[in-house]
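Right, one structure below, let's go through it.
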Amino acid sequence: MKINALSDLKQVKKAIEAQAAREAALAAHKAAEAKRKAAASNLFQAAIGKVKPLEPPQRAKLTPEPPKPIPKQQMLDDAAALQEALSDEIDVTTLLDTDEHLSFRRPGVGTDVTQKLRKGKWSIQKQIDLHGYRSDEAREALGAFIRESHRNGIRCVRVVHGKGLGSPGKAPVLKEKVHKWLVQKAEVVAFVQAQPAQGGAGALVVLLQPQNRA
């Protein structure tokens with residue numbers, strides 16, 4: 001704007017002053033609004049006091065226990081045991097070797113096996129003592145013992161049946177029954193009378209089939 005007179009200069013000055021006054025008023029308004037907001041915020045902070053973040057909840061990390069493997073072979077063995085019936089009536093005279101101790105070897109097994117068994121080729125790994133058992137108890141205990149021993153990979157066991165000295169007539173009743181029961185067990189390869197130091201005529205040393213690992 002071209003200034004031609006003193007009056008024009010005064011008008012310019014008034015315009016500049018008015019603009020400055022408006023800007024000052026706007027700045028004052030903004031400052032007052034900021035102060036009001038700060039006061040409101042401080043009032044809320046004073047009302048609630050100091051705060052701290054919540055701690056995360058304590059949660060246990062539990063890993064579910066995997067299901068136990070199903071012992072299928074044991075179940076099959078136990079089922080077979082329920083069906084097993086070891087007869088007391090079987091005639092074993094044709095199955096026993098006619099040596100002085102009436103040893104037994106399964107068909108197809110050579111005489112060298114019973115000879116080695118008698119000489120202690122296989123170390124005795126486990127034994128069962130049937131003294132004091134009634135006939136039914138002895139049959140069940142012997143069947144379970146042979147099954148478990150074979151399942152655990154044991155090859156040679158001793159079965160103590162006694163000499164029958166406490167039986168009526170001093171007849172070795174349990175000894176004869178043990179012979180009958182053992183020849184009916186598929187796990188049994190052979191058996192011989194124990195050496196005197198291992199029980200003699202009151203015990204048998206029994207060789208079991210090797211466990212099938214396939």
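All of the numbers you see were taken from the coordinates with simple rules; none came from a lab. Computed from a prediction, not measured in an experiment: that's the story for all the values here. Glycine gets a Cβ as well: all are built from the backbone with ideal geometry, and neighbour counts include every protein chain shown.
Summary of computed values
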read-out: Under-5 Å amide H pairs with ILE154, H placed in peptide plane, nonlocal only; value: none
read-out: Segment ARG151-GLN115, length gained on full extension (0.36 nm per residue, minus Cα span); value: 10.4 nm
read-out: Contour minus Cα-Cα distance for ALA39 and ALA25 (0.36 nm per residue); value: 2.9 nm
read-out: Virtual paramagnetic centre 7 Å along Cα→Cβ of SER123, amide N under 12 Å, in segment 180-210; value: none
